[in-house]
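Below: the structure, in structure tokens.
Derivation of every value follows stated rules applied to the coordinates shown; laboratory data play no part. Only a predicted model underlies this, so the values are computations on that prediction, with no experimental measurement involved. Ideal geometry is used to build each Cβ from the backbone, glycine not excepted, and the neighbour counts take in all protein chains shown.
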Amino acid sequence: MTKISILGCGWLGLPLAKALLKNDYLVNGSTTSAEKLNVLKNAGIAPFLIALSENKTTGNLTEFLENCEILIIDVPPKLRGSGTENFVSKIRNIIPFIEQSSVENVLFISSTSVYNDDEIFVTEETIAKPDTESGKQLLETEQLLQNNSHFKTTILRFGGLIGEDRHPVKFLAGRENLDNPNAPINLIHQEDCMGIILKIIANDAWNETFNAVAPSHPSREIYYTQKALELNLALPRFNPKNNAGGKIILSTRLEKVLNYTFTKPNL
């Protein structure tokens, strides 16, 4: 049986690990919280307490990667607020462990923040020119991994992540003078995140880069107003005078190469 290690069993990594188990994979999972080790163990995931920092890693990465063919890196950069970090250094520190392990393929969970708003329609052929610190560090990390000849790396650039327990409208409800009412949304549901990852693994789609965003792109004002009504939340109010536009992320390559059909196309 193929063994897969998931570095970062959080909002996406934990349900992904459970989905992989259902598909007859063996799964190692990491967490930075000792309290969560039993959660992983009780789900059938081999639990590891691993933390990454700019200067070192803590935890048994060697055992975490032992006999694994695939490593999924699902560790988001913490670059908001004052407590920023060097995310590239954190990932660079684990590369020697990957090189010395049995890992042949790496899947790096990235973000569409590597693109700026200069283009109206964005594909994988669009040159990534990030204008945020998070986007810049993600792009540098992508290149760091894909340029390594010891393993093959596929980059998966997700749009905004939503799920049954996570939706941005909850943070926008009741707010006034919101920007960019006409900008298109670029979101993806948790179920499709997991479905796409399972397809990449099943199809051996390595050394690839995929955008992963649901094919529906209504405007921010239309979408979030409708979602607020559905959830009985206070309506967000947008400022029509502050509209800088926005990009539409296309995932047609992913649909074609992986033969993937979105389960939540309209969100």
*Given the options I91, I120, I155, state which has the largest fluctuation in a GNM of the chain using a 10 Å cut-off (strictly under) for Cα springs.*
I120
_Using only DSSP helix segments of four residues or longer, with each worth -39500 (n - 2.57), what per-residue ellipticity at 222 nm results for the chain after dividing by its residue count and rounding to 500?_
-8000 deg cm²/dmol
*Could you give the angle, 0 to 90 degrees to the nearest 10, between helix 220-230's Cα long axis and the longest principal axis of the Cα atoms of the chain?*
80 degrees
*Just need the Rg to Rh number for the range 1-135, please, alpha carbons only, Kirkwood Rh.*
1.00
*Which far-off residues, 5 or more places away or on another chain, put their amide H under 5 Å from the one on N116, with H placed in the peptide plane?*
K129
_Here is the link list: K41/K256; K18/K129; K56/K136. Which ones come out longer than 28 Å on Cα distance?_
K41/K256; K18/K129
*Gaussian network model of the chain, Cα springs within a sub-10 Å range: biggest mean-square fluctuation belongs to which of I196, I95, I248?*
I95
_Taking 25 °C and 0.890 mPa s as the conditions, I'd like the Stokes-Einstein D for the chain in µm²/s, using the Kirkwood hydrodynamic radius from alpha carbon pairs._
126 µm²/s
*E176 paired with F97, simple spin-label distance in nm, labels 7 Å along Cα-to-beta-carbon*: 5.0 nm
_Gained length - V257 relative to E125, 0.36 nm times residue gap less alpha-carbon distance_ = 46.1 nm
*Would you tally the net charge around L61, using a Cβ to Cβ cut-off of less than 14 Å, leaving L61 out, and scoring K and R as +1, D and E as -1?*
0
*asked:* Quick check on the exposure proxy: order V122, V75 from fewest to most C-beta atoms within 10 angstrom.
replied: V75, V122
*Loop-only check: which GluC sites (Glu not before Pro) in the range 110-187 are DSSP coil with at most 14 other Cβ within 10 angstrom?*
E119, E125, E164, E176
*Specify the residue with the greatest mean-square fluctuation among I222, I73, I249, computed from a Gaussian network of the chain linking alpha-carbon atoms under 10 Å apart.*
I222
*Nearest 10 degrees, 0 to 90: helix 133-146 Cα axis against the chain principal axis*: 40 degrees
